[in-house]
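Read through the structure below, which is laid out as structure tokens, and then see the notes.
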Amino acid sequence: MKASSSRSISAPAPDNREAIMLAAERVFAKDGYDGSSMRDIAKEANVSQALLHYHFGTKEKLFDEIFSFRATEINQERGRHLDRLFADGAIPSLPQLIDALFRPTVELGHDPERFGNFFSRILAASANSDDPHTKALIAEHYDSTALRFISAFQKVLPGISREDAVWAYMFSIGVGMTMMARTGRTARLSNGACDDNDVELLLRKISLFVCGGLLNMAPTGRT
């Protein structure tokens, strides 16, 4: 009996970790980081808090792991698009470059099997956070890819300055944050004429809007 009561937590099944991360993602998306607790997450995941701490230690480490997992997924896909577009010295069109920037986030946010709509809310809140730790997360996981796109803007739009390329990236990302996940707001505002469930239509509309702004910043740029 004594040995049984002092037994340490056994290693959990591999899928428990993923289930906990998904449950935590739902809680963070709904209540925000500050409004969430390990108790809430354990309840959502239907596991003990002991198991939660076994896997992740603290709420901060759990949040960081979720953020790292999703950001890596998005930015690796963006990197593959850029590698393909600029292979062998090629220069893509501006719409191709914009598609490479937005497609990974929009497809993730609209795919119910990947549950990216939860992360879209977390990312939007994190991008506007003044918390030093959250700002460091954004820098760690997004700045290197951002710099690749800023340089790509300069290659595709030779007339654009470095400063305007940075502004262009930031303004473009603002669009992406708004449209990353399905919200139904476009349908509501348009009495059903606009459908944010249609990923390809959404990407085309984003491209038209963002490319128009970029071309006005560098009127000699390619289309």
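A Cβ distance below 6 Å, combined with a sequence gap of six or more or placement on separate chains, defines the contacts here; from segment 118-137, residues that are open to solvent by 30 Å² or more (accessible area, probe 1.4 Å) reach residues that are small (G, A, S) in the pairs F118/A29; R121/A29. For A87, the stated conditions do not hold, so it cannot be described as crowded, with 20+ Cβ neighbours inside 10 Å, more than 20 Å from the chain's Cα centre (by Cα) and aliphatic (A, V, I, L, M). Assessment of segment 189-199 against the conditions (in contact (Cβ under 8 Å) with a residue 12 or more places away in the chain, over 19 Å from F69 (Cβ atoms) and open to solvent by less than 50 Å² (accessible area, probe 1.4 Å)) yields at least one matching residue. With respect to the conditions (1) open to solvent by 40 Å² or more (accessible area, probe 1.4 Å); (2) within 21 Å of the chain's Cα centre (by Cα); (3) not charged (D, E, K, R), N46 falls short on a single one, namely (2).
Sub-9 Å Cβ pairs linking a first residue in segment 158-180 that is outside any helix (DSSP H, G or I) to a second residue that is of a type in the set (V, I, T), at least 6 apart or interchain, are P158/T220; G159/T220; I160/T220; M180/T105; M180/V106, ordered by first then second residue. No other residue among L157, L214, L208 is open to solvent by 40 Å² or more (accessible area, probe 1.4 Å), over 18 Å from the mean Cα position of the chain (by Cα) and modelled with pLDDT of 90 or more apart from L208. State yes or no: is E60 closer than 30 Å to C211 by Cβ, touching a helix residue (DSSP H, G or I) at 6+ places or on another chain (Cβ under 9 Å), part of a helix (DSSP H, G or I) and open to solvent by 20 Å² or more (accessible area, probe 1.4 Å)? In short, no.
Out of curiosity, is L97 buried (at least 19 other Cβ atoms within 10 Å of the Cβ) and over 26 Å from D131 (Cβ atoms)? It is true that L97 is buried (at least 19 other Cβ atoms within 10 Å of the Cβ) and over 26 Å from D131 (Cβ atoms). I'd like the full set of residues that are more than 22 Å from D143 (Cβ to Cβ) and touching a Leu at 6+ places or on another chain (Cβ under 7 Å), limited to segment 93-117. Correct list: L94, Q96, R114, F115. Restricted to segment 160-177, and to residues there that are among the small types (G, A, S) and surrounded by fewer than 18 Cβ atoms within 10 Å (Cβ to Cβ), the residue that is farthest from R121 (Cα to Cα) is S161. Just one of the listed residues (D40, D99, D64, D88) is out of contact with any Pro (no Cβ under 7 Å at 6 or more places or on another chain), free of Cβ contacts under 8 Å to residues at least 12 places away in the same chain and not aromatic (F, W, Y), namely D88.
The values are calculated or read from the model by the stated rules, or taken from the named source; none is laboratory data. Remember, predicted model here, so these are calculated numbers, not experimental data. No Cβ is skipped: glycine too gets one built from the backbone with ideal geometry, and neighbour counts run over all protein chains shown. Protein only, heavy atoms only, side chains kept; ligands, DNA and RNA dropped before computing areas. Shrake-Rupley method; radii C 1.70, N 1.55, O 1.52, S 1.80 Å.
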